[in-house]
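K.L.:
Sharing a structure with you now.
The values are calculated or read from the model by the stated rules, or taken from the named source; none is laboratory data. Because the structure is a prediction, the values reported are computed rather than measured. Cβ coordinates were reconstructed from backbone atoms using ideal geometry, including for glycine residues, and neighbour counts include every protein chain displayed. Please note that ligands, DNA and RNA were not included when accessible areas were found on the heavy atoms of the full protein model with its side chains. Shrake-Rupley method; radii C 1.70, N 1.55, O 1.52, S 1.80 Å.
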Amino acid sequence: MNRNPHLNELGEFLKARRAELSPSEVGLRGGQRRRVPGLRREEVALLAAISTEYYARIEQGRLQASAPLLNEIARVLRLNEDQRTYLFELAAKDRVRPARSGDRQQVDTQLQRMLDDLTATPAFVIGRRTDILGWNQLAAALWTDFARFPERERVFVRLLFTEPWMRELYVDWEEVTRLAIAQLRMETARYPGDQRLAALVEELSARDAQFRQWWTEHDVAMRGKGTKKLRHPAVGKLTLDWDTLTCGTDPEQHIIVWTAAPGSPSYDGLRLLASWGADQKRTASDTVA
């Protein structure tokens, strides 16, 4: 029997989530020692008030659950909002989004102009596969001039694994990388037919054991906001807040803006970095001339 690969992924996601919970966390007695961690299928089924066989068919990708039942399973497994969104994306009966393959996202002129006008704020635009679609001068100074990478390699999650300077830049590289992977997995639920996205996952799984391990953990996350610690070779330590804005003309493009609290050392560091970046750009222009 041919099974829906999306339902298979849903089953793997549910397995990963129940493995994170102990019986005591959901009000059950642990009983005898377990060979594998987490809840058993029969325990999830008991708490969701369905038969073990019925729940097993959901995990095995042989049954499409109803929305009320998914809500109940999400409650039992204590899914957060991002995980719930992912669960329902996977379980959607009507996949209204077209399969994506070779389509190319681009930053329009007005958006790039806005980025360029942010002279004291690093900002870049990220696409559905974590493609870096556009950036400003301060982002180039903070990370790199992304133009030096071929377009198909200009992918944030890929750079985290392939570029040693990214590991050096992020003090919390593992946390940053796990979040990028979780965001990438969220995209696979939205666009199951995206061949470039599938190829990216296949490439990184083949070349890096850490990516392979973290990908199989089935963590998911939406892009939102947060704080990151960086260690820049020119200006030293920076603690920056980041926020996500959605492009009005293409909701699949997100503008990531980085700021620091006024008067903080990081605020001063960004201004120093802006000056350093301008000097670097002038030096490069003089060299070419």
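K.L.:
Here are the criteria: (1) touching a Leu at 6+ places or on another chain (Cβ under 9 Å); (2) within 23 Å of E175 (Cα to Cα); (3) polar (S, T, N, Q); (4) surrounded by fewer than 19 Cβ atoms within 10 Å (Cβ to Cβ). Tell me which single one T249 does not satisfy.
P.N.:
In the conditions (1) touching a Leu at 6+ places or on another chain (Cβ under 9 Å); (2) within 23 Å of E175 (Cα to Cα); (3) polar (S, T, N, Q); (4) surrounded by fewer than 19 Cβ atoms within 10 Å (Cβ to Cβ), T249 misses (2) alone.
K.L.:
Something else about it: Please go through the stretch 147-162 and pick out each residue that is touching a strand residue (DSSP E or B) at 6+ places or on another chain (Cβ under 7 Å) and either crowded, with 20+ Cβ neighbours inside 10 Å or modelled with pLDDT under 95 (or both).
P.N.:
V155, F156 - these are the residues of the stretch 147-162 that are touching a strand residue (DSSP E or B) at 6+ places or on another chain (Cβ under 7 Å) and either crowded, with 20+ Cβ neighbours inside 10 Å or modelled with pLDDT under 95 (or both).
K.L.:
Given the condition open to solvent by less than 30 Å² (accessible area, probe 1.4 Å), at pLDDT 90 or above and among the aromatic types (F, W, Y), answer yes or no: does some residue in the stretch 88-98 qualify?
P.N.:
The answer is no; no qualifying residue exists.
K.L.:
For the stretch 255-274, does any single residue satisfy the condition of being among the small types (G, A, S), surrounded by fewer than 18 Cβ atoms within 10 Å (Cβ to Cβ) and without any contact (Cβ under 8 Å) to a residue 12 or more places away in the chain?
P.N.:
Checked against the condition, which is being among the small types (G, A, S), surrounded by fewer than 18 Cβ atoms within 10 Å (Cβ to Cβ) and without any contact (Cβ under 8 Å) to a residue 12 or more places away in the chain, the stretch 255-274 yields at least one hit.
K.L.:
Scan the stretch 126-166 residue by residue and report those that are within 21 Å of L270 (Cα to Cα), among the small types (G, A, S) and assigned to a helix (DSSP H, G or I).
P.N.:
Those that are within 21 Å of L270 (Cα to Cα), among the small types (G, A, S) and assigned to a helix (DSSP H, G or I): A139, A140, A141.
K.L.:
For the structure I just gave you, tell me whether M114 is in contact with a Leu (Cβ under 8 Å, 6 or more places away or on another chain) and surrounded by fewer than 22 Cβ atoms within 10 Å (Cβ to Cβ).
P.N.:
no
K.L.:
Still on this structure, I have one more. Do we find a residue being charged (D, E, K, R), within 16 Å of H218 (Cα to Cα) and in a loop (DSSP other than H, G, I, E, B) anywhere in the stretch 59-74?
P.N.:
no
K.L.:
Further, regarding this structure: Tell me which residues, restricted to the stretch 1-15, are among the charged types (D, E, K, R), open to solvent by 60 Å² or more (accessible area, probe 1.4 Å) and modelled with pLDDT under 90.
P.N.:
R3, the sole residue that qualifies.
K.L.:
Can you report the number of residues in the stretch 16-52 which are surrounded by 15 or more Cβ atoms within 10 Å (Cβ to Cβ), modelled with pLDDT of 90 or more and assigned to a helix (DSSP H, G or I)?
P.N.:
10
K.L.:
Identify, please: which residue in the stretch 163-220 is basic (K, R) and under 28 Å from E81 (Cβ atoms) and is, among those, surrounded by the most Cβ atoms within 10 Å (Cβ to Cβ)?
P.N.:
Filtering first and then ranking leaves R185.
Listed here are the residues, each with its yes/no results for (1) more than 20 Å from W143 (Cβ to Cβ); (2) among the polar types (S, T, N, Q); (3) more than 18 Å from the chain's Cα centre (by Cα).
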{"site": "L197", "(1), (2), (3)": "yes, no, no"}
{"site": "E202", "(1), (2), (3)": "yes, no, no"}
{"site": "A206", "(1), (2), (3)": "yes, no, yes"}
{"site": "R212", "(1), (2), (3)": "yes, no, no"}
{"site": "V220", "(1), (2), (3)": "yes, no, no"}
{"site": "T227", "(1), (2), (3)": "no, yes, no"}
{"site": "G248", "(1), (2), (3)": "yes, no, yes"}
{"site": "H254", "(1), (2), (3)": "no, no, no"}
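K.L.:
On the given criteria, is G269 modelled with pLDDT of 95 or more, of a type outside the set (S, T, N, Q) and either on the phi > 0 side of the Ramachandran plot or in contact with a Pro (Cβ under 6 Å, 6 or more places away or on another chain) (or both)?
P.N.:
So G269 fails the test.
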